[in-house]
Amino acid sequence: MPEARTWQLVAGSAVLGLALAAGAVTAAGPWDSGQRKAERARAALADARGGAHHAGHAAGPPPAAPRRPAPAPSAAGVLRALGAPDGPAAAGRTGSTRTGDDLAPVLVPLLGDPGLGTLRTASVVDAATGKQLYGEGATTPMTPASTIKIATAAAALSALGPDHRIATTTVAAPDGRTVTLVGGGDPTLDRTRLKALADATARALKARAGTAPAIRVTYDTSLYKGPLLHPIGPNDNLAPVTALMTDEGRTGGPATGPAPRTADPAGDTATAFAGLLRKAGVRIDGDPAPGRAATGPKAAQLARTDSAPLADLVERTLTSSDNDLAEALARQTALARKQPASFAGAGKAVHDELARLGLPLAGARFADGSGLDRNDRVSAALLTGLLTRAADPARPALRPVLTGLPVSGFTGTLAGRFGTGPAASGAGLVRAKTGTLTGVNTLAGTVVTPDGRLLAFAFLAGRTDSAAAAQTALDRLSAALAQTGAP
């Protein structure tokens, strides 16, 4: 079976060594536990910006001076970078990929699939040159569903840099009688890190002279503003959006995707923290209560724990379509741009950050960071513009937008797609963010052509009757691009 074996080798190589931008670097694969390539490490060093809560990783007393984590070690690239232009003159070269006229006969019949509903727009761009190769209603704002996470992620990386980390801290009042757990907006805080934070806090308390025999525990969520609940209301897709939570407020079910959520993530986290302090030998007076952390020269930070770098959070957001993380990234962008950390403030901050990147924003609206709000609006041209910026060698800080995209047939929200039919030819070659709401189905990402070119695409469909039929049609569209090499 030589043909089957050849396909397996090609698909496997695409997953292991798929390059992300013509002339750029070989990618490490989506959400690879921080094992970034040397290019990502250089990006972090060159663009080490950050707002509040940007510091080290381990829980414990604050260091005397800010410290930054050393780059994680990385293996060498498996494959060389994809076929790249041979210098500036190559940008105008003909024959290296199909033109809009060439793509139209391929895409127009597929865009006519009834499964795509009555509203559909499309944009296909050469990621190396930025040239639009095909467009249908490309500038028309549409409800994007979860493909809006591409915009959320790019804005956060642009505003904060890929090595930004989100901190959760503990602060002691000057009289030593109150310890406040301060939320920094990290939904990835888990029980292990919460225990480490409690242990470090207990050690710091025991080392302090004059600490009261029993302390009160309060918790501070004041970093976030506005309503806790998303406009969709209580929902298994998203916990109440608060600056303090553990395990994304999940009370059971899987670690990703829909799951039951607590109605009070902050209160539950503070109660668990107080229990861990007791186990560490600290006497607690009463139950945890909301409160503000003490400020001023006599207030003391006792301990802190930090999230993974923002680059890794972005990859997790995109690979798993993590709504809680997406809302957190939007609010981190708001904080970096001095906007209220609310749905409205985050939307403005994301819009303004994308404007700084020179992207087409006519009619765009960011009602949330996750895409659950039907009032969100983006165009196919905006999505391909974002993907092209992320592929630009001059913008390495945005690269996690590409490395986080699910791989067709293999990872994340595309793991169960591209397995059969005409779309199977795109397995391992298409990397894309999915979007699904009732009546809305979208797909935006990148695809490698047979001649080694990287294309960015966005297909948005509205008023669809069947999610399954729409997804099949979208998969066929992107897979068709994987077959469009030089004429």
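Solvent-accessible area per residue for region 344-388 at a 1.4 Å probe radius, Å²? Accessible area per residue: 31 Å². Expressed as a whole percent, the accessible surface of region 366-483 that belongs to carbon and sulfur atoms is 51, based on a 1.4 Å probe.
By its C-alpha gyration tensor, with a ≥ b ≥ c as the square roots of the eigenvalues, how is region 126-169 shaped: rounded for a/c under 1.5, else prolate for a/b larger than b/c, else oblate? Could you put the intermediate results ahead of the total?
Numbers: a/c = 4.60, a/b = 1.91, b/c = 2.41.
Because a/c hits 1.5 or more and a/b fails to exceed b/c, region 126-169 counts as oblate.
Given the convex hull over the Cα atoms of region 186-251, what projected area results after averaging over all orientations, in nm²? Walk me through the numbers before you get to the answer.
On the way: hull surface 24.0 nm².
Approximately 6.0 nm², given one-decimal rounding.
For region 310-380, relative contact order (Cα pairs under 8 Å, six or more residues apart, normalised by length) works out to 25 percent.
So what is the accessible area of region 186-244 per residue, in Å², with the probe set to 1.4 Å?
On the way: 2660 Å² over 59 residues.
For region 186-244, the per-residue accessible area is 45 Å².
Solvent exposure of region 266-340 amounts to 37 Å² per residue of accessible area, where only protein heavy atoms count and the probe is 1.4 Å.
Restriction of the trypsin sites (Lys or Arg not before Pro) in region 435-487 to DSSP coil positions whose beta-carbon has at most 14 other beta-carbons within 10 angstrom yields R463.
Rolling a 1.4 angstrom probe over region 127-285 with all protein chains present gives an accessible area of which 52% lies on carbon and sulfur atoms.
Report in % the part of the accessible area of region 286-356 that belongs to carbon and sulfur, leaving out ligands and nucleic acids; probe 1.4 Å. Please list the in-between numbers first.
Numbers: 1260 of 2450 Å².
Here it works out to 52 percent.
Which of rounded, prolate, oblate describes region 105-189, given a ≥ b ≥ c as roots of the alpha-carbon gyration tensor eigenvalues and a/c under 1.5 marking rounded, otherwise prolate only if a/b is larger than b/c? Taking the square roots of the gyration eigenvalues as a ≥ b ≥ c, region 105-189 is prolate. How much accessible area does K131 have with a 1.4 Å probe, in Å² rounded to the nearest 10? Estimated to the nearest 10 Å², K131 gives 120 Å². Per-residue extension of 0.36 nm, minus the Cα-Cα distance of K338 and S222, leaves a gain of 40.3 nm for this segment.
Reducing region 337-397 and region 118-188 to their Cα centroids gives an inter-centroid distance of 8 Å.
Once backbone amide H atoms are built at 1.01 Å from N, R216 has T178, V179, D285 as its partners under 5 Å, excluding neighbours fewer than 5 places away on the same chain.
The values are calculated or read from the model by the stated rules, or taken from the named source; none is laboratory data. Since the model is a prediction, treat every value here as computed from it, not as a measurement. A quick note on method: Cβ atoms are made from the backbone with ideal geometry, for glycine too, and the neighbour counts reach across all protein chains shown. Note: accessible area is taken over every heavy atom of the protein model, side chains too, but ligands, DNA and RNA are not part of it. Shrake-Rupley method; radii C 1.70, N 1.55, O 1.52, S 1.80 Å.
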